[in-house]
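A quick write-up on the structure given underneath.
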Amino acid sequence: MPALRIGLPPGEKKALGCYVHRQKTIYISSQEYLYDPYVLIHEFYHHLRNVGGKHRGTERHAKQFALSFLSTT
């Protein structure tokens, strides 16, 4: 399970969220986006790809994964 932190890591300024695979941590830019399921699911996709030993995945695939997940729930 990835850790979850509020605030972005150094070098990230404009993102709503990001996943740092070395730390296995999902960073969310502000508490406001913590309640946005799209942002969390998008970043969780990057975690799943990394833990699965596959390529980290593209932003396009992460977007499709999150939208697909939300449309089925």
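Looking at (1) modelled with pLDDT of 90 or more; (2) out of contact with any helix residue (DSSP H, G or I) (no Cβ under 7 Å at 6 or more places or on another chain); (3) hydrophobic (A, V, I, L, M, F, W, C), find the lone condition where Val51 falls short.
(1)
Does the range 5-26 include one or more residues that are assigned to a strand (DSSP E or B), among the charged types (D, E, K, R), farther than 20 Å from Leu70 by Cα and modelled with pLDDT of 90 or more?
The answer is yes; a qualifying residue exists.
Only one residue in Gln64, Gln23 is in contact (Cβ under 8 Å) with a residue 12 or more places away in the chain and either surrounded by 11 or more Cβ atoms within 10 Å (Cβ to Cβ) or hydrophobic (A, V, I, L, M, F, W, C) (or both), so which one is that?
Gln23 is the lone residue from the list that is in contact (Cβ under 8 Å) with a residue 12 or more places away in the chain and either surrounded by 11 or more Cβ atoms within 10 Å (Cβ to Cβ) or hydrophobic (A, V, I, L, M, F, W, C) (or both).
Within the bounds of the range 35-46, is there any residue that is out of contact with any helix residue (DSSP H, G or I) (no Cβ under 6 Å at 6 or more places or on another chain) and of a type in the set (Ser, Thr, Tyr)?
yes
Could you tell me how many of the residues in the range 28-73 are touching a His at 6+ places or on another chain (Cβ under 8 Å), at negative phi and in a loop (DSSP other than H, G, I, E, B)?
Going through the range 28-73 one residue at a time, the tally reaches 1.
The values are calculated or read from the model by the stated rules, or taken from the named source; none is laboratory data. Remember, it's a predicted structure, so these values are computed and weren't measured experimentally. Here the Cβ is made from the backbone with ideal geometry for all residues, glycine too, and neighbour counts use every protein chain on show.
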